[in-house]
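To start, the structure itself, in structure tokens.
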Amino acid sequence: MAVGADKDTVYLFKVDSNDSFTSLGVIAKPIGGIKYFGSVLAIDKNILVVGSTDWYSDRVYLYEKSPDDSITKIEELTAVNGRYAFASSMAINSNMIATSSWGCYNDSPEHGTLGYLHIFDMYAKDNLYLYEENPLVLYYNENSTGKIYSISAGSPSGIKSYTLSGDDSEQFRLNENNITLDTALDYEAPIDADGDGIYELNILIEDGKGREKSLGVEVNVVDRWE
């Protein structure tokens with residue numbers, strides 16, 4: 001959860017399992033950044049999009065949340081042809097970001113205005129992107145087998161490999177980006193390393209240029225009526 005303020009600051013909070021809020025700190029306007037930082041916000045999974053709307057010189061900043069809840073700036077977007085009021089509204093879904101702006105006929109407001117929708121593909125820049133909550137928390141019914149989840153990651157260089165490890169990795173298998181389970185698990189008889197019924201995995205993702213990202217995964221076995 002993110003809340004913008006009128007002092008060029010964004011306040012970050014995490015919603016805990018008991019619906020209480022924990023502060024993750026604040027993001028201040030980047031050095032040399034545009035004023036009104038945090039006037040528009042959008043968030044999805046581990047990506048936070050922050051708008052900074054200053055009429056003629058607007059910016060959109062992208063931040064990524066790491067497993068330790070630290071926040072890293074990963075990109076800065078600007079409008080094509082310097083359209084006015086860029087980032088006046090925003091939305092994010094999967095790897096696509098949409099933001100609106102408006103321009104003028106002949107760059108003169110008295111000649112009327114035009115609206116613009118700008119679409120950005122996060123995977124277009126040469127980088128390795130992991131688009132998942134980290135750690136990723138999954139729930140899977142006991143006495144079931146098959147695919148549990150498909151990991152969302154991308155890179156213009158292509159994904160070279162997904163490598164599975166972790167204390168409980170012997171119970172699972174990776175088929176490309178798919179986490180699968182061949183042998184059914186029993187809620188009443190957990191066989192994970194610490195016996196709490198939460199199976200802890202780690203997946204290392206490497207792209208074609210050797211860049212790596214690590215994803216923590218927790219699989220919770222769900223009790224079913226028998």
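If you go through the range 178-226 and pick out every residue that is acidic (Asp, Glu), surrounded by 12 or more Cβ atoms within 10 Å (Cβ to Cβ) and under 16 Å from residue 149 (Cα atoms), you end up with 2. Listed by position, the strands (runs of 3 or more DSSP E) inside the range 57-108 whose residues that are at pLDDT below 70 number at least 2 are 96-104.
Close Cβ contacts (under 9 Å, 6 or more residues apart or on different chains) running from residues in the range 182-201 that are outside the structural domain of residue 135 (by TED's automatic domain parsing) to residues that are polar (S, T, N, Q) and modelled with pLDDT under 95 are absent.
The values are calculated or read from the model by the stated rules, or taken from the named source; none is laboratory data. Just so we're clear, the structure is a prediction, and the values are computed from it rather than from any experiment. Using ideal geometry, Cβ is built from the backbone for each residue, glycine included, and neighbour counts are taken over all protein chains shown.
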